[in-house]
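I have placed the structure first, in the form of structure tokens, so that the comments after it can refer back to it.
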Amino acid sequence: MSVIHSTAFPAHLPQQEHSIVHRLLREATHIEEDVKLRPFRTNDIGFLKDLNKEWFPIQYGDAFYDRLRQGVAKCWVAECIITSKHNKQKPIIVGAIMYEYTGIDGDVLAKESWL
């Protein structure tokens, strides 16, 4: 599987690589083609902070991530397995969807989602 660089940034601008995932993908000797969705775990916060910093022009504060930790907002992460140059396999997060339902007396008034 070859790594495809995002076209989300215009060609005349430098690619923004704040996230460790880019370095891990560049250094990988093998990348599994299957991407799996799994529920968020609290130890995912560091990866999510890095990815969100890169993907979005705004900074999310700790309160945003506290909502995930507390279960107020929900999150699923997209994860693939890479093999390092030391022949160790490691799962890495390559995407996420975060969402929150807001309601009164069981009626859903709004659903927000972020990728």
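Computed from the coordinates by the stated procedures, all read-outs in this text should not be read as laboratory data. All of these numbers come straight from a predicted model, not from anything done at the bench. Glycine gets a Cβ as well: all are built from the backbone with ideal geometry, and neighbour counts include every protein chain shown.
Quick one: K90, K74, fewest Cβ neighbours within 10 Å first, how do they rank?
Arranged by neighbour count, lowest to highest, K90, K74 become K90, K74.
For a test of the definition: using alpha carbon positions, the gyration tensor, and the 1.5 limit on a/c, classify segment 20-114 as rounded, prolate or oblate.
On the way: a/c = 2.82, a/b = 2.11, b/c = 1.33.
Since a/c reaches 1.5 and a/b is larger than b/c, the shape of segment 20-114 is classed as prolate.
Run the simple label-point estimate for I45 and N87 please: 7 Å along Cα→C-beta, distance reported in nm.
3.7 nm
Please list the non-local residues whose amide H lies under 5 Å from the amide H of A73, H modeled 1.01 Å from N, same-chain partners needing a gap of 5 or more.
L68
For segment 57-66, just list the computed ³J(HN,Hα) in residue order, Karplus coefficients 6.51, -1.76 and 1.60, θ = phi - 60°, integers in Hz, with x standing in for Gly and Pro.
Working through the residues one at a time gives x, 10, 9, 8, x, 4, 4, 4, 6, 4 Hz.
Would you calculate the separation in nanometres between label points at Q59 and Y101, each defined as 7 Å from the Cα along the Cα-to-beta-carbon direction?
3.4 nm
5 Å is the cut-off here: which amide hydrogens, built 1.01 Å from N in the peptide plane, fall below it relative to V94, excluding neighbours closer than 5 in sequence?
Under 5 Å from the amide H of V94 lie the amide H atoms of A78, E79, C80, each far enough along the sequence or on another chain.
Mind checking which lysines have their Cα closer than 24 Å to the Cα of K49? Skip sequence neighbours fewer than 8 apart in that chain.
K36, K74, K90, K111
I need the phi-derived Karplus couplings for segment 42-56: 6.51 cos²θ - 1.76 cosθ + 1.60, θ = phi - 60°, integer Hz, Gly and Pro marked x.
Coupling constants for segment 42-56: 4, 6, 7, 3, x, 4, 4, 4, 4, 5, 5, 4, 6, 6, 10 Hz.
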